[in-house]
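J.: Shown below is the structure under consideration.
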Amino acid sequence: MASEANGSLANEKAPETVGVGRYVEMEQDGDSNTVKSRLSGLLWHGGSAYDAWFSCASNQVAQVLLTLPYSFSQLGMLSGILFQLFYGLLGSWTAYLISILYVEYRTRKEREKADFRNHVIQWFEVLDGLLGRHWRNVGLAFNCTFLLFGSVIQLIACASNIYYINDKLDKRTWTYIFGACCATTVFIPSFHNYRIWSFLGLVMTTYTAWYLAIASIIHGQVDGVKHSGPTKMVLYFTGATNILYTFGGHAVTVEIMHAMWRPQKFKAIYLLATLYVLTLTLPSAAAAYWAFGDELLTHSNALSLLPRTAFRDAAVVLMLVHQFITFGFACTPLYFVWEKLIGLHDCRSLCKRAAARLPVVVPIWFLAIVFPFFGPINSAVGSLLVSFTVYIIPALAHMITFRSATARENAVEPPPRLVGRWTGTYMINAFVVAWVLVVGFGFGGWASMTNFVHQIDTFGLFTKCYQCPPPPLPPATPLPFPGGLSNITMPFTGGLPPAAAPSPAHFRHQHRHHSHGL
């Protein structure tokens with residue numbers, strides 16, 4: 001297979017193609033110019049820089065697009081915009097660090113004649129090869145837990161969105177249904193096979209983002225709209241950690257790089273993907289917050305405030321399909337870890353792999369039913385998991401890997417002059433670790449968990465329909481007496497004020513009246 005040429009990253013003249021597992025359906029037998037092989041190459045076999053860009057951009061924006069207006073209501077307009085720009089830049093930097101560490105690890109292993117044609121390199125293996133087993137264990141724990149809850153969030157988002165088209169079923173029932181649908185991602189072998197899905201996913205989120213922006217502007221500001229944010233520290237840092245989570249989608253960076261034919265080209269891809277994502281998130285969040293203001297504080301899904309139209313239904317359906325794709329993005333690295341644990345990672349049978357992967361979906365399904373808090377769960381995951389997985393661990397790993405003069409001298413990819421070479425890189429890494437540890441994990445963790453516990457106290461675990469509107473009251477049944485209760489004679493005085501109590505003469509008059517009628 002052409003994409004599995006065994007190139008060395010250390011030798012620029014050698015082929016730099018990267019294989020991503022020798023699955024049966026990925027092998028090209030016979031003439032490579034057949035219609036079948038061309039169609040497969042167009043839709044299935046993706047390893048170019050464009051494929052990586054679509055994967056990064058599609059995976060980054062996902063369902064969090066619908067919760068960013070909610071974050072703006074917590075942060076206020078100015079802070080919301082500034083945090084998006086700041087964390088977008090910070091996330092691009094740490095994705096760059098991860099790509100450098102991947103290239104360093106792969107180069108060292110290939111100098112030792114390691115062959116990765118039948119093995120997908122993952123982040124915890126990079127940490128293991130560069131820093132040892134303790135770093136591997138920490139990286140594995142944080143990464144797997146983050147990806148687990150990232151998949152949970154996609155299921156919650158599916159149920160939250162479909163409810164606005166069909167509310168005959170509650171959100172918990174929709175979670176059951178979409179859990180079964182998302183389980184079919186076990187049949188997608190690797191990120192090498194997400195070419196058409198990544199492209200479609202980005203088209204879908206682009207439509208939804210601009211629908212949110214345009215529909216909010218056309219709708220206009222609601223009567224008495226208020227823009228009070230920020231009002232409380234808890235809400236402020238909860239919103240900030242949701243944006244931290246937004247630009248922390250590169251927990252799958254290593255797997256996306258490994259799916260590329262030339263991984264060295266990845267360095268700027270995440271930054272370019274982030275710049276495009278900002279063109280979607282900033283207009284949509286700002287327009288929705290301008291239109292609805294503080295109402296978003298109790299509506300974490302911005303679609304719930306817009307009137308139902310064909311355009312809104314289209315946005316919901318497209319986001320549903322995209323969340324299925326993002327579920328696969330988050331779950332595929334977990335599938336790889338599970339395969340390696342049970343010894344099936346090098347199995348050629350797709351059916352055996354799919355059957356072996358199914359147990360991974362079960363805890364995701366269960367947790368989505370237990371914690372259906374669309375919006376608040378993003379902030380909790382961002383502060384407790386994304387802060388370490390995506391920001392702190394990569395920055396620390398880069399600092400320690402290249403702490404010695406020998407390691408810096410022999411580095412495959414030295415830092416560019418633009419950032420100040422090694423000294424500038426060290427200072428940026430130290431700032432990232434300090435900022436995210438104090439603001440993201442510290443204040444953000446306190447705020448997001450306080451909000452999360454509040455959701456549990458308010459709605460409870462296993463709630464059937466989180467933030468659903470209350471059911472309409474049944475119409476009042478008319479009484480079978482003409483004129484209602486006012487014409488019913490009250491034969492007692494209990495509970496009436498003395499002035500309103502009927503006299504004994506009144507009862508004698510009523511008795512004579514009824515006797516005459518008989």
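The values are calculated or read from the model by the stated rules, or taken from the named source; none is laboratory data. Because the structure is predicted, anything quoted here is derived from the model rather than measured. Backbone-built Cβ (ideal geometry, glycine too); neighbour counts: all protein chains shown. Heavy atoms of the whole protein, side chains included, go into the accessibility calculation; ligands, DNA and RNA do not. Shrake-Rupley method; radii C 1.70, N 1.55, O 1.52, S 1.80 Å.
J.: For the range 324-377, with every protein chain kept in place, what is the accessible area per residue (1.4 Å probe, Å²)?
T.: 35 Å²
J.: At each listed q (0.11, 0.15, 0.21 Å⁻¹), what is the log10 of I(q)/I(0) that the Debye formula gives for the range 185-336 modelled as equal alpha-carbon point scatterers?
T.: Result of the Debye calculation: -0.54, -0.92, -1.40.
J.: Next question. Which order do you get for 257, 204, 77, 233 if you rank them by accessible area with a 1.4 Å probe, largest at the top?
T.: Ranking 257, 204, 77, 233 by accessible area, largest first, yields 233, 77, 204, 257.
J.: Okay, next question. How do 183-193, 114-124, 164-174 rank on mean C-beta neighbours within 10 Å, highest first?
T.: Ranking the peptides 183-193, 114-124, 164-174 by packing returns 183-193, 114-124, 164-174.
J.: To the nearest µm²/s, what D does Stokes-Einstein give for the range 225-293 at 20 °C and 1.002 mPa s, using the Kirkwood radius over alpha carbon pairs as Rh?
T.: 146 µm²/s
J.: To continue, here is another question. I'd like the projected area of the range 92-165, averaged over all directions, using the convex hull of its alpha carbons. Report it in nm² with one decimal.
T.: 7.1 nm²
J.: Using the Cα centre of the range 116-199 as the reference point, and only Cβ charges (+1 on K/R, -1 on D/E), how large is the resulting charge dipole? Debye, rounded to the nearest 20.
T.: Computed about the Cα centre, the dipole is about 80 debye.
J.: Just to confirm my numbers, what's the Cα centroid distance between the range 129-183 and the range 408-434 in Å?
T.: 34 Å
J.: Which value, in Å² rounded to 10, gives the accessible area of residue 461 with a 1.4 Å probe and all protein chains present?
T.: Solvent-accessible area, nearest 10 Å²: 80 Å².
J.: Sticking with this one: Ordered by residue, what ³J(HN,Hα) values in Hz, to whole numbers, does the range 252-263 give under the Karplus form 6.51 cos²θ - 1.76 cosθ + 1.60, where θ = phi - 60° and Gly and Pro are x?
T.: For the range 252-263, the Karplus-derived couplings read 10, 4, 5, 5, 5, 4, 5, 7, 8, 6, 10, x Hz, x marking Gly and Pro.
J.: Quick check on the range 115-205: take the gyration tensor over C-alpha atoms, sort the square-rooted eigenvalues as a ≥ b ≥ c, and tell me if it's rounded (a/c under 1.5), prolate or oblate.
T.: Prolate, because a/c is 1.5 or more and a/b exceeds b/c.
J.: Of 361, 225, which has the most accessible area and how do the rest follow, probe 1.4 Å?
T.: 225, 361
J.: Given the C-alpha centroids of the range 385-404 and the range 284-354, what is the distance between them in whole angstrom?
T.: Here the two parts' Cα centres lie 27 Å apart.
J.: Something else: Mind giving me the nanometre distance, one decimal, between the label points for residue 196 and residue 210, set 7 Å out from Cα along Cα→Cβ?
T.: Simple spin-label model gives 2.4 nm for this pair.
J.: Something else: Could you sort 48-61, 128-141 so that the peptide with the highest average Cβ count within 10 Å comes first and the rest follow in order?
T.: Highest to lowest by the protection proxy: 48-61, 128-141.
J.: Calculate the tail of P(r) for the range 265-346: the fraction of all Cα-Cα distances greater than 22 Å, expressed in %.
T.: Pairs farther apart than 22 Å: 52 percent.
J.: Between residue 407 and residue 111, what length in nm is gained on full extension when 0.36 nm per residue of separation is reduced by their alpha carbon distance?
T.: Taking residue 407 through residue 111 to full extension adds about 105.0 nm, to one decimal.
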